[in-house]
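Working notes, structure below.
The values are calculated or read from the model by the stated rules, or taken from the named source; none is laboratory data. In this text the structure is predicted, and so the values were computed from the model without any measurement. Note: ideal-geometry Cβ built from the backbone for every residue, glycine included; neighbour counts use all protein chains shown. Surface areas here come from the heavy atoms of the whole protein model, side chains and all, with no ligands, DNA or RNA. Shrake-Rupley method; radii C 1.70, N 1.55, O 1.52, S 1.80 Å.
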Amino acid sequence: GTSQTKMSFSIKLFFGVAFLVLVFSTLVTIVSSKLSWLGFLYILSYVKVVITLLKYIPQVVLNVRRKSTVGWNIWNIILDFTGGMLSLAQLLGDSADMHDWSGITGNFAKFCLGFVSIFFDIIFFFQHYVLYPDKRGEGNESTYQAGLEPQIPWEEEADYDYDALL
(Lines give C-alpha, C1' and ligand atoms only; values in the text may rest on other atoms or scores of the structure.)
Protein backbone atom coordinates (compact mmCIF):
# COMPACT_ATOMS: atom_id res chain seq x y z
CA GLY A 1 0.00 0.00 0.00
CA THR A 2 0.92 3.63 -0.13
CA SER A 3 1.23 6.07 2.73
CA GLN A 4 -1.54 8.60 3.05
CA THR A 5 0.69 11.25 4.59
CA LYS A 6 0.75 14.48 2.58
CA MET A 7 2.91 17.55 2.98
CA SER A 8 1.06 20.73 3.83
CA PHE A 9 1.28 23.74 1.54
CA SER A 10 3.38 25.67 4.09
CA ILE A 11 5.99 22.88 4.22
CA LYS A 12 6.08 22.65 0.41
CA LEU A 13 6.48 26.43 0.28
CA PHE A 14 9.29 26.37 2.86
CA PHE A 15 11.22 23.66 1.01
CA GLY A 16 10.68 25.46 -2.28
CA VAL A 17 12.01 28.75 -0.91
CA ALA A 18 14.93 26.98 0.81
CA PHE A 19 15.81 25.21 -2.43
CA LEU A 20 15.67 28.47 -4.40
CA VAL A 21 17.87 30.23 -1.83
CA LEU A 22 20.42 27.43 -2.05
CA VAL A 23 20.39 27.37 -5.85
CA PHE A 24 20.65 31.17 -6.05
CA SER A 25 23.45 31.41 -3.48
CA THR A 26 25.34 28.56 -5.19
CA LEU A 27 25.11 30.32 -8.55
CA VAL A 28 26.17 33.66 -7.06
CA THR A 29 29.12 31.97 -5.35
CA ILE A 30 30.24 30.25 -8.53
CA VAL A 31 29.66 33.11 -10.99
CA SER A 32 30.74 36.13 -9.01
CA SER A 33 32.94 37.20 -6.19
CA LYS A 34 30.03 38.79 -4.31
CA LEU A 35 29.56 35.73 -2.11
CA SER A 36 32.48 33.70 -0.83
CA TRP A 37 32.36 29.98 -0.22
CA LEU A 38 32.42 30.77 3.50
CA GLY A 39 29.36 32.97 3.01
CA PHE A 40 27.68 30.11 1.17
CA LEU A 41 28.43 27.78 4.09
CA TYR A 42 26.92 30.33 6.47
CA ILE A 43 23.74 30.31 4.37
CA LEU A 44 23.67 26.51 4.63
CA SER A 45 24.10 26.74 8.39
CA TYR A 46 21.14 29.10 8.71
CA VAL A 47 19.00 26.74 6.63
CA LYS A 48 20.01 23.96 9.03
CA VAL A 49 18.91 26.07 12.00
CA VAL A 50 15.49 26.61 10.43
CA ILE A 51 15.12 22.91 9.58
CA THR A 52 16.16 21.97 13.11
CA LEU A 53 13.60 24.37 14.52
CA LEU A 54 10.89 22.90 12.29
CA LYS A 55 11.74 19.27 13.00
CA TYR A 56 10.77 19.50 16.67
CA ILE A 57 7.42 21.27 16.30
CA PRO A 58 5.41 18.31 14.88
CA GLN A 59 6.43 16.04 17.78
CA VAL A 60 5.45 18.66 20.36
CA VAL A 61 2.08 19.12 18.66
CA LEU A 62 1.52 15.35 18.32
CA ASN A 63 2.29 14.82 22.01
CA VAL A 64 -0.20 17.56 22.95
CA ARG A 65 -2.93 16.20 20.68
CA ARG A 66 -2.49 12.65 21.98
CA LYS A 67 -1.84 13.82 25.55
CA SER A 68 0.86 11.16 25.60
CA THR A 69 4.51 10.56 24.79
CA VAL A 70 4.01 6.90 23.86
CA GLY A 71 5.91 5.93 20.74
CA TRP A 72 9.28 7.59 21.25
CA ASN A 73 12.14 6.95 23.58
CA ILE A 74 13.12 9.54 26.18
CA TRP A 75 16.76 8.45 25.84
CA ASN A 76 16.93 10.11 22.41
CA ILE A 77 15.88 13.36 24.06
CA ILE A 78 18.39 12.91 26.89
CA LEU A 79 21.18 12.39 24.34
CA ASP A 80 20.01 15.37 22.25
CA PHE A 81 19.93 17.55 25.38
CA THR A 82 23.44 16.40 26.31
CA GLY A 83 24.69 17.22 22.81
CA GLY A 84 23.15 20.69 22.94
CA MET A 85 24.65 21.38 26.36
CA LEU A 86 28.10 20.16 25.27
CA SER A 87 27.92 22.23 22.09
CA LEU A 88 27.14 25.38 24.06
CA ALA A 89 29.80 24.49 26.65
CA GLN A 90 32.35 24.17 23.85
CA LEU A 91 31.42 27.60 22.47
CA LEU A 92 31.69 29.16 25.94
CA GLY A 93 34.92 27.29 26.72
CA ASP A 94 36.56 28.33 23.46
CA SER A 95 35.53 31.94 23.97
CA ALA A 96 36.75 31.95 27.58
CA ASP A 97 40.06 30.37 26.58
CA MET A 98 40.63 32.97 23.88
CA HIS A 99 39.35 35.83 26.05
CA ASP A 100 37.18 36.75 23.08
CA TRP A 101 33.42 36.38 23.46
CA SER A 102 32.80 37.14 19.79
CA GLY A 103 33.24 33.40 19.21
CA ILE A 104 29.64 32.96 20.31
CA THR A 105 28.27 35.52 17.87
CA GLY A 106 30.83 34.50 15.25
CA ASN A 107 29.35 31.01 15.13
CA PHE A 108 25.75 32.02 15.55
CA ALA A 109 24.37 28.92 13.82
CA LYS A 110 26.12 26.60 16.29
CA PHE A 111 24.78 28.66 19.19
CA CYS A 112 21.25 28.56 17.73
CA LEU A 113 21.40 24.80 17.10
CA GLY A 114 22.42 24.13 20.69
CA PHE A 115 19.87 26.55 22.10
CA VAL A 116 16.98 25.25 19.94
CA SER A 117 17.81 21.64 20.87
CA ILE A 118 17.91 22.44 24.58
CA PHE A 119 14.71 24.49 24.38
CA PHE A 120 12.68 21.74 22.73
CA ASP A 121 14.26 19.01 24.85
CA ILE A 122 13.06 20.84 27.97
CA ILE A 123 9.57 20.90 26.46
CA PHE A 124 9.81 17.14 25.81
CA PHE A 125 11.04 16.50 29.36
CA PHE A 126 8.10 18.50 30.70
CA GLN A 127 5.64 16.59 28.52
CA HIS A 128 7.14 13.21 29.39
CA TYR A 129 7.64 13.60 33.14
CA VAL A 130 5.10 16.28 34.19
CA LEU A 131 2.18 16.57 31.78
CA TYR A 132 1.75 12.95 30.70
CA PRO A 133 3.64 10.76 33.19
CA ASP A 134 1.01 7.99 33.15
CA LYS A 135 0.90 7.90 29.35
CA ARG A 136 4.56 7.75 28.44
CA GLY A 137 4.89 4.15 27.35
CA GLU A 138 7.72 2.73 29.40
CA GLY A 139 5.89 3.13 32.72
CA ASN A 140 2.42 2.21 31.50
CA GLU A 141 2.23 -1.26 33.00
CA SER A 142 -1.40 -1.92 32.06
CA THR A 143 -0.66 -1.51 28.35
CA TYR A 144 2.38 -3.78 28.35
CA GLN A 145 1.08 -6.38 30.83
CA ALA A 146 -1.97 -6.84 28.65
CA GLY A 147 0.34 -7.48 25.69
CA LEU A 148 -0.98 -4.46 23.79
CA GLU A 149 1.16 -2.24 21.64
CA PRO A 150 0.84 1.54 22.02
CA GLN A 151 -1.52 2.85 19.38
CA ILE A 152 -0.60 5.64 17.01
CA PRO A 153 -3.66 7.76 16.16
CA TRP A 154 -3.39 7.34 12.39
CA GLU A 155 -2.38 3.67 12.51
CA GLU A 156 -5.88 2.36 11.83
CA GLU A 157 -6.35 4.67 8.84
CA ALA A 158 -3.05 3.81 7.17
CA ASP A 159 -2.92 1.08 4.59
CA TYR A 160 0.47 -0.51 5.29
CA ASP A 161 1.67 -3.84 4.02
CA TYR A 162 4.46 -4.60 6.47
CA ASP A 163 5.17 -7.99 4.89
CA ALA A 164 6.01 -6.26 1.61
CA LEU A 165 8.87 -4.47 3.36
CA LEU A 166 10.64 -7.72 4.23
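Counted as qualifying within segment 35-116 are the helices (runs of 4 or more DSSP H) with 2 or more residues that are under 30 Å from Val130 (Cα atoms), touching a helix residue (DSSP H, G or I) at 6+ places or on another chain (Cβ under 6 Å) and open to solvent by less than 30 Å² (accessible area, probe 1.4 Å), namely 37-66, 74-98. Scanning segment 112-135 for residues that are without any contact (Cβ under 8 Å) to a residue 60 or more places away in the chain and small (Gly, Ala, Ser) turns up just one, Gly114. Of Lys6, Lys12, all but one fail to be basic (Lys, Arg), in a helix (DSSP H, G or I) and open to solvent by 50 Å² or more (accessible area, probe 1.4 Å); the exception is Lys12. The C-beta contact set for segment 88-105 (first residue closer than 21 Å to Ile118 by Cα, second residue surrounded by 11 or more Cβ atoms within 10 Å (Cβ to Cβ) and modelled with pLDDT under 90, distance under 7 angstrom, 6+ apart or interchain) comprises Leu91/Gly103; Leu91/Ile104; Leu91/Asn107; Asp94/Gly103; Ser95/Trp101; Ser95/Gly103; Ser95/Ile104.
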